[in-house]
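These notes concern the structure reproduced below.
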Amino acid sequence: MGDLVREVDVAVVGGGPGGYSAAFRCAELGLETVVIDLEKRLGGACLFEGCIPSKALLHVAAVLSEAERAKEFGVDFGEPRISLDPLRKWKSERVIGKLARGLAGVAKGKSVEVIGGRATFEDSRSIRVTGDEPQKITFKHAIVATGSSPATLPGLDVTSERLMDSTAALEVPEIPGRLLVIGGGYIGLELGQVYAALGSAVTVVEMLDSLLAGADADLVQHLARRCQKQFAAIKLGTRVTGLRDTGGGIEARLGDGAPETFDRALVAVGRRPNTPGLGLETTRARVSERGFVQVDERGRTADSHVWAVGDVTGEPMLAHRAMRQGKVVAEAIAGRPVAFDNVVVPAVVFTDPEVAWCGLTEAQAAREGRAVNVAKFQWAASGRAATLGRSDGLTKLIADPDTGRVLGVGIVGPGAGELIAEGALAVETALLAEDVALTIHTHPTLSETLMEAAETLLR
Amino acid sequence: MARPFVLPDLGEGLTEAEIRQVHVREGDVVAEDAPLLEVETDKATVEIPSPMAGRIEKLHVQPGQSVKVGQVLVEFGDAGAPAGKQAADTLDPTRKLASEPKTVIEGGRARQAASEPAGTRAEATPAGARGAGPVPATPSTRRLARELGVDLHAVSGSGPGGRVTDDDVRAAANGGSSRGGAPAAERAPAPAGRPSEPPAVAKPLARVGVEPPPLPKFEQWGPIERQPLSHLRRTIAERMTLSATLIPHVTHFDRADITDLDALIRRNLESAKGRGVTLTLTAFLLKAAALSLVEHPTFNASLDPAAGELIVKRYVHLGVAVAAERGLIVPVMRHIDKKPIIEIARELGELARRVREGKATLDDLRGGTFTITNIGALGGTGAIPIINYPEVAILGVARGREEAVVRGGQIVPRLLLPLSLTFDHRVADGADGARFATAIVQRLEQPDSLLLGL
């Protein structure tokens, strides 16, 4: 029996943000494009088990904490009653479902076909699809956009329903009385705050000596202070040395301490690239020891027909980086002179308060022995922050001492994730601190803090 | 399948180069980054490394030949394993030779540091964490640069904080391509007696404006010898033709009494030497011209006839014509208006040394806004230089002489320096030129003003 063979210009493996951005742009540029996705859907981890569901839950957490705080100014809503079924339904149908239908509609409009199944490279020009729609696809170019999955805890091989990864935790199977969060990075802190707001007693354990390693300490400080109030315990510089399901709960040994029992544990120790089983060894593409597909500045692998975008190409594993990479690769395939030459990939942690930064950080400048001017503006002096009752914020601007050029911006505080956009624009377009200072910012808003910080550099 | 390798973008907006040496033969197996050939551009000699490991299937060029960016140099056979860093059906012509070209002229033989090609990085690092730091430019400008094949690292930015603007990129793309397309060259017999130099090849100069009439047959009057022009000579010839043909030149003459300045230099010669600096008249000339240019910005400009605009430069970078062994070279010194004389003298000494040793970099040779040519050392009473296109003016300086001058009814010996200011009559008129020249003369006659930066 002969194979069903399909010939296309571009085969995109994986329907996440990197994959669909590449596919849509390819289609716009007149290339016949298909997307092969395990679940036959567009959106990937970002839409179904990452950015979007976590932000939906964080919004719920924010409403709960605002309602609680309202007592301060004389408004009492009473104790909240949380029903998980409507919450899950709202998240999966009104939020995720709506966006997924939107993406499917765009794909249809651009004539990008989504094929369901597992894709395996057979050589530099063909892919075999197994699963519901088995077929062989020959391509002129393939784009690997298979993303990443939650990493498991090395050395602790436990399988238990009580042990969740971020994907499972976003399903909110229950509100555990005591939750252990393993990992004090952005995923652990975001989900830890969600569960704390829903009523869990949350313990965060982090191997390193600080939360959010990589972000500047003065930004993290504001978040850490709030976490200390919300969480039952934060154990830094502590390893999980033992973990087992006792039938009635998860028994964990943290560092040298006595075993503690939790109702559930969330493992949030990073993500690893989805390259195993892809068959990339049948092409000339190279994969690093850590499993990342190696690409050049245009996103091309060592195989001239195989490209890669997104988490599978390395850090930072962020959807917005993948989306830009996807567009670059599509245009490169179409023969345009492009490269992923972006200066900044802004990072946002959607905790309360939010932490966001872009470009050069103070810590990085110190590490590289690079002289910088740093301007800080504490939100205690912001009128808008006072009206929100949230003065626990800081905006800082890192500038080149010779030219005054903005090299980096870091913000902590409610809404930092939105405010960082101006910082990203400033760094990406090589603006001077003077440009930021001389631009009128709306009063009273938190965006003024950027202008205020920039002004201190002019004196 | 053969894989052609084309002349990569050499940066600087250079569009063609002359092959000086070919280091490989057909059938050779070369390693990645091994030297393939050496090309000479308008500005420097550059070594082209192999983009990959492989066997040379076919050689498309030979020494003396002129090649354009994008033209096939060699074809690699399939035998060699692709060198991971660059694997494609066509080795990418848009690829930059180096992310940061470091071309150094070494005694006439230059090599381009084979820096890391735009190839696979071990793992994508977060942009913004790059060590060397990105070139300050907006994303749309960066896109324009890619479209025009301009290496942003080779462009100096005129925007705030050194930001590279669209205009900078367009200028870089146009620079060096002012010559029309020269037709294919005819080989000429190599001149004997210079074994180290690859043979120069005769080829017509690019034409500007008027078609030159055919030359008479000189042989009818006696024996002749035909000597091909070197690449540098041809470049100079073409540039001078361009300038003399396009620009209506007008020259203003004057003389500066530099008796006091000369005494000042002599008084401080030793103490400057103690700080490792040779104090020369040229350093003072540079300062006098720079300060006068700030006052008279019309002469620190370029005419854009297509736009009908005068592009006034808000920076003062002065070119100093130097007679080097290979021919005329004009290294550029930056921000002279803002630097103290002693610093100018020190930089001038270093630059002269670099040029003499053939170690001037591309950066040393570009970006000038005005040129000074001092022919005093070679004698003469004056000269009318040709403007260094696309600048507006050039200052010619001859040898200072003691002359009898009447002062208060007395005849006294004074040291007079003959100057000639040649400028573009499209941009300025005689009165403007006279005022600008007078400003320079007055500064030279009152050296205090130079020391004070007035």
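A few remarks follow.
- A Cβ distance below 6 Å, combined with a sequence gap of six or more or placement on separate chains, defines the contacts here; from the stretch A:323-343, residues that are more than 12 Å from every other protein chain (Cβ to nearest Cβ) reach residues that are in a loop (DSSP other than H, G, I, E, B) and not charged (D, E, K, R) in the pairs A:Gly326/A:Val309; A:Val329/A:Gly299; A:Val329/A:Val309; A:Ala334/A:Leu29.
- Of all the listed residues (B:Val61, B:Val74, B:Val22, B:Val30), the sole one being touching a Ser or Thr at 6+ places or on another chain (Cβ under 6 Å), farther than 29 Å from A:Ala308 by Cα and either among the polar types (S, T, N, Q) or at pLDDT 80 or above (or both) is B:Val30.
- Candidates A:Glu448, A:Glu368, filtered to the one that is farther than 24 Å from A:Cys227 by Cα and at pLDDT below 95: A:Glu368
- Some residue of the stretch A:31-46 being under 19 Å from A:Gln135 (Cβ atoms), of a type in the set (Ser, Thr, Tyr) and in the same structural domain as A:Val144 (by TED's automatic domain parsing): yes
- Lone qualifier among A:Thr351, A:Thr442, A:Thr456 - being away from every other protein chain (no Cβ under 14 Å), touching a residue at least 40 places away in the same chain (Cβ under 8 Å) and farther than 24 Å from A:Gly188 by Cα: A:Thr456
- Taking the criterion of being farther than 24 Å from A:Ala339 by Cα and surrounded by fewer than 24 Cβ atoms within 10 Å (Cβ to Cβ), the residues of the stretch A:9-40 that qualify are A:Leu38, A:Glu39, A:Lys40.
- So A:Val75, is it hydrophobic (A, V, I, L, M, F, W, C) and part of a loop (DSSP other than H, G, I, E, B): yes
- Set A:Lys136, A:Lys71, A:Lys108: member being of a type in the set (Lys, Arg), surrounded by 13 or more Cβ atoms within 10 Å (Cβ to Cβ) and out of contact with any His (no Cβ under 9 Å at 6 or more places or on another chain): A:Lys136
- Some residue of the stretch A:245-262 being among the polar types (S, T, N, Q), over 22 Å from A:Ile175 (Cα atoms) and not in a helix (DSSP H, G or I): no
- Pairs where the first residue, in the stretch A:414-439, is more than 14 Å from every other protein chain (Cβ to nearest Cβ) and the second is among the basic types (Lys, Arg), C-beta under 8 Å, 6+ apart: A:Pro414/A:Arg390
- Reported count of residues in the stretch A:358-403, each being assigned to a helix (DSSP H, G or I) and either crowded, with 18+ Cβ neighbours inside 10 Å or in contact (Cβ under 8 Å) with a residue 12 or more places away in the chain (or both), is 10.
- Flag if A:Leu236 is more than 10 Å from chain B (Cβ to nearest Cβ) and surrounded by 18 or more Cβ atoms within 10 Å (Cβ to Cβ): no
- Each residue in the stretch A:315-346 was checked for being out of contact with any helix residue (DSSP H, G or I) (no Cβ under 6 Å at 6 or more places or on another chain), charged (D, E, K, R) and assigned to a helix (DSSP H, G or I), and 3 of them qualify.
- Where a residue in the stretch B:147-159 is in the same structural domain as B:Tyr315 (by TED's automatic domain parsing) and outside any loop (DSSP other than H, G, I, E, B) and its partner, wherever it lies, is surrounded by fewer than 19 Cβ atoms within 10 Å (Cβ to Cβ) and aromatic (Phe, Trp, Tyr), with Cβ under 7 Å and at least six apart: none
- Filter result (among the hydroxyl-bearing types (Ser, Thr, Tyr), part of a strand (DSSP E or B) and under 25 Å from A:Gly335 (Cβ atoms)) within the stretch A:113-149: A:Ser126, A:Thr138
- Residues (surrounded by 20 or more Cβ atoms within 10 Å (Cβ to Cβ) and either modelled with pLDDT of 90 or more or at the interface with chain A (Cβ under 7 Å from one of its Cβ atoms) (or both)) located in the stretch B:153-167: B:Arg163, B:Val164
- Scanning the stretch A:7-27 for residues that are more than 24 Å from A:Met317 (Cβ to Cβ), in contact with a Lys or Arg (Cβ under 7 Å, 6 or more places away or on another chain) and charged (D, E, K, R) yields a single hit, A:Asp9.
- Residues that are assigned to a strand (DSSP E or B) and either under 16 Å from A:Ala437 (Cβ atoms) or not aliphatic (A, V, I, L, M) (or both), drawn from the stretch A:404-420: A:Arg405, A:Val406, A:Leu407, A:Gly408, A:Val409, A:Gly410, A:Gly413
- Checked against (1) surrounded by 20 or more Cβ atoms within 10 Å (Cβ to Cβ); (2) outside the structural domain of B:Gly376 (by TED's automatic domain parsing); (3) in contact with a Leu (Cβ under 8 Å, 6 or more places away or on another chain), B:Thr235 passes all but condition (3).
- 2 or more residues assigned by TED's automatic domain parsing to the domain that holds B:Pro390 and without any contact (Cβ under 8 Å) to a residue 24 or more places away in the chain: qualifying strands (runs of 3 or more DSSP E) within the stretch B:265-375: B:309-312
- Residues of the stretch B:294-308 that are touching a Leu at 6+ places or on another chain (Cβ under 8 Å) and not aromatic (Phe, Trp, Tyr): B:Thr298, B:Asn300, B:Ala301, B:Ser302, B:Leu303, B:Asp304.
- Every residue from the stretch A:186-219 that is surrounded by fewer than 21 Cβ atoms within 10 Å (Cβ to Cβ) and either in a loop (DSSP other than H, G, I, E, B) or without any contact (Cβ under 8 Å) to a residue 60 or more places away in the chain (or both): A:Gly199, A:Ala201, A:Met207, A:Leu208, A:Asp209, A:Ser210, A:Ala213, A:Gly214
- Subset of the stretch A:280-314 that is surrounded by fewer than 18 Cβ atoms within 10 Å (Cβ to Cβ), assigned to a loop (DSSP other than H, G, I, E, B) and more than 9 Å from chain B (Cβ to nearest Cβ) - its residue that is nearest to the chain's Cα centre (by Cα): A:Gly291
- When the test is whether a residue is free of Cβ contacts under 8 Å to residues at least 12 places away in the same chain and of a type outside the set (Asp, Glu), A:Lys235 does not pass it.
- Any hit, the stretch B:256-264, residues being assigned to a strand (DSSP E or B) and within 30 Å of B:Pro390 (Cβ to Cβ): yes
- Among (1) more than 18 Å from B:Val441 (Cα to Cα); (2) of a type outside the set (Asp, Glu); (3) at pLDDT 90 or above - the single one B:Leu232 does not satisfy: (3)
- Looking across the stretch B:376-387 at every residue that is in contact with a Lys or Arg (Cβ under 8 Å, 6 or more places away or on another chain) and outside any helix (DSSP H, G or I), the one that is farthest from B:Ala434 (Cα to Cα) is identified as B:Gly379.
The values are calculated or read from the model by the stated rules, or taken from the named source; none is laboratory data. Note that this is a predicted model, so its numbers are computed, not measured. Glycine gets a Cβ as well: all are built from the backbone with ideal geometry, and neighbour counts include every protein chain shown.
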